[in-house]
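The values are calculated or read from the model by the stated rules, or taken from the named source; none is laboratory data. Values in this document were obtained by computation on a predicted structure and should not be read as measured data. Neighbour counts are summed over all protein chains in view; Cβ atoms, including those assigned to glycine, are modelled from backbone coordinates with ideal geometry. Calculation scope for accessible area: heavy atoms of the full protein, side chains included, ligands and nucleic acids excluded. Shrake-Rupley method; radii C 1.70, N 1.55, O 1.52, S 1.80 Å.
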Amino acid sequence: QPSLHKMSIMCHKVKVLDWSTFRLNLAVTSPYNADFDGDEMNLHVPQSLTARAEAGNLMRVSKLVVSPQSNEPVMSIVQDSLVAVQRMTKRDTFIPKDPFFNTLMWIKRWNGRIPVPAILKPVPLWTGKQVFSIIIPNLNYKGKTSQGPPKDDDGNDEPNTFLQYDDKVLIHDGELIHGVIDKKSVGSSSGGLIHLSYLEHGSDACRDFMDSLQVVVNYWI
């Protein structure tokens, strides 16, 4: 408290575990303004079928990813997952066969297709970008990363020959062509990947994308 916007009260599905502490996905703590220095929260349990239906349809977390106040996401990929996805999608990240297959098994809505490895000889190697391409919904996106070329004395970008900094993100038909995924792409900015997937594919697809991304990159890291 105080509850300042509608995302201060959200509906979660409960999974009962041992101990008496709330455990939340890190991505949903931003709208609660929650940190981990002893914060308390209140749990309200709807009793009637009507209350449960209202909570599930009007207040469900996946329906409140984009704020009606500013029309931009209030939830995003944060902390460990953000560092992991940035490292995984770097140009020089390659994944051998065994870890790659194990990683695929963590993808919630994987269609069963295994992409052709980026390198075939002497051993097959897949890139982190290929893993990310399996997770992401089918959409098109152009953006920038935070790791562009350094500035020269006049404040202009130095020449970026052959895109050596991998600082321009291009996603075509759900495939990451080039660019590193970082806070500018999967952060809470308007027009980012989370916002796009919410607008183009709906709230459930956006939730699945965030779920899969966190699970997969945390397993990989």
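Odds and ends about this structure:
- Tally of residues being open to solvent by 40 Å² or more (accessible area, probe 1.4 Å) and within 22 Å of residue 194 (Cβ to Cβ) across region 141-168: 5
- Residue check, residue 86 open to solvent by 90 Å² or more (accessible area, probe 1.4 Å), within 22 Å of the chain's Cα centre (by Cα) and in contact (Cβ under 8 Å) with a residue 24 or more places away in the chain: no
- Taking region 182-211 as the range and being within 15 Å of residue 139 (Cα to Cα) and assigned to a loop (DSSP other than H, G, I, E, B) as the test, the residues that pass are 191, 192, 202.
- Matching residues in region 151-181 - criterion: being in a strand (DSSP E or B) and β-branched (Val, Ile, Thr): 169, 171, 177
- Residue pairs meeting the criteria (Cβ under 7 Å; at least 6 apart or on separate chains; first over 15 Å from residue 213 (Cβ atoms) and of a type in the set (Gly, Ala, Ser), in region 179-191; second open to solvent by 10 Å² or more (accessible area, probe 1.4 Å) and modelled with pLDDT of 95 or more): 179/170
- Scope region 160-185; condition within 16 Å of the chain's Cα centre (by Cα) and more than 21 Å from residue 149 (Cα to Cα); matching residues: 174, 175
- Qualifying position, being within 24 Å of residue 192 (Cβ to Cβ) and not β-branched (Val, Ile, Thr), among 102, 138: 138
- Here the condition is being of a type in the set (A, V, I, L, M) and open to solvent by 90 Å² or more (accessible area, probe 1.4 Å); of 116, 78, it holds for 116 alone.
- Region 212-221, subset among the β-branched types (Val, Ile, Thr) and part of a helix (DSSP H, G or I), residue most open to solvent (accessible area, probe 1.4 Å): 215
- Flag if residue 69 is among the polar types (S, T, N, Q), under 26 Å from residue 13 (Cα atoms) and assigned to a loop (DSSP other than H, G, I, E, B): yes
- The single condition among (1) open to solvent by 20 Å² or more (accessible area, probe 1.4 Å); (2) of a type in the set (Val, Ile, Thr); (3) touching a Phe, Trp or Tyr at 6+ places or on another chain (Cβ under 6 Å) that residue 171 does not satisfy is (1).
- Of all the residues in region 1-59, those that are part of a helix (DSSP H, G or I) and exposed (fewer than 11 other Cβ atoms within 10 Å of the Cβ) number 3.
- Tally, over region 91-108, of residues that are part of a helix (DSSP H, G or I) and closer than 25 Å to residue 166 by Cβ: 5
- Filter result (β-branched (Val, Ile, Thr) and not in a loop (DSSP other than H, G, I, E, B)) within region 109-126: 119
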